[in-house]
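Report on the following structure.
No lab work stands behind these numbers, since they all come straight from the coordinates. On a predicted model such as this, the values are computed, not experimentally measured, just so you know. Please note: Cβ atoms are built from the backbone with ideal geometry, for glycine as well, and neighbour counts cover all protein chains shown.
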Amino acid sequence: MPEGLSEIAILTLSGIGAIAASFAGFSGVVVVFGERSHGDWLSKDRFRLVIMLAMSLSCCFFSFTPMVLNLFQVPPRQVWVYSSSLLGVSFFSFYMYVLPQSLRLMRYRMNNIDDVFSIVIIFVVSTAITMQALNATGLWFEIGPGAFVIGLLSLLFVSGIEFARLVLSPIKNFHTRSRKPQVTALRPAKPAKGTSSNRAV
């Protein structure tokens with residue numbers, strides 16, 4: 001075990017990395033749901049899949065960053081400063097990509113539940129950016145693994161929300177279509193054989 005990092009921190013980071021890798025693997029599951037298996041994707045579902053993959057893979061990568069830095073004999077305090085700085089920059093880049101896309105989707109849809117989820121994700125990402133900045137600078141609390149782990153858990157939280165939305169979206173759409181009344185067009189009856197519709201009376 002590398003010296004400098006506590007055993008609890010290493011086990012926590014390893015566990016989070018394993019869970020993040022599982023979420024990345026779940027992306028193959030959502031493809032077979034509904035019409036996606038035939039290549040028919042809604043724009044919002046494509047957006048959610050990108051978020052899910054980006055969050056899970058980023059979480060998997062950053063969970064091993066402190067241990068890799070420690071292998072290069074970086075002091076423990078600097079390990080968390082560098083790790084939080086990198087994670088904060090990643091969060092900020094993601095925030096700049098997600099915010100315009102979320103606002104655009106919220107403008108063209110009428111679904112309060114989806115809007116609430118989007119607002120929650122934006123709030124979680126904003127909070128994570130703030131905590132990584134505070135941890136990197138040492139303001140308000142001591143520099144350490146706590147804020148960094150919370151940032152990783154935020155990535156898992158966002159990835160889990162998007163996975164649930166991708167799975168439930170086809171079910172909700174099927175339920176909505178099944179409740180619509182089936183309207184069948186009435187065809188005019190064919191005249192009986194041996195008769196003529198134009199026969200004079």
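Annotations
- A crude spin-label estimate for the pair F61 and E7, with each label 7 Å from Cα along the Cβ direction, gives 3.2 nm.
- Peptides 150-156, 18-24 ranked from most to least packed, by the mean per-residue count of other Cβ atoms within 10 Å: 150-156, 18-24.
- Each label point was placed 7 Å from the Cα along the Cα-to-Cβ direction; for R46 and L153 their separation is 3.5 nm.
- Full-extension gain in nm, F123 to R104, via 0.36 nm per residue minus C-alpha separation: 5.1 nm
- Karplus-derived HN-Hα couplings along segment 135-146 (A = 6.51, B = -1.76, C = 1.60, θ = phi - 60°), whole Hz, x at Gly and Pro: 6, 6, 9, x, 7, 6, 8, 5, 5, x, x, x
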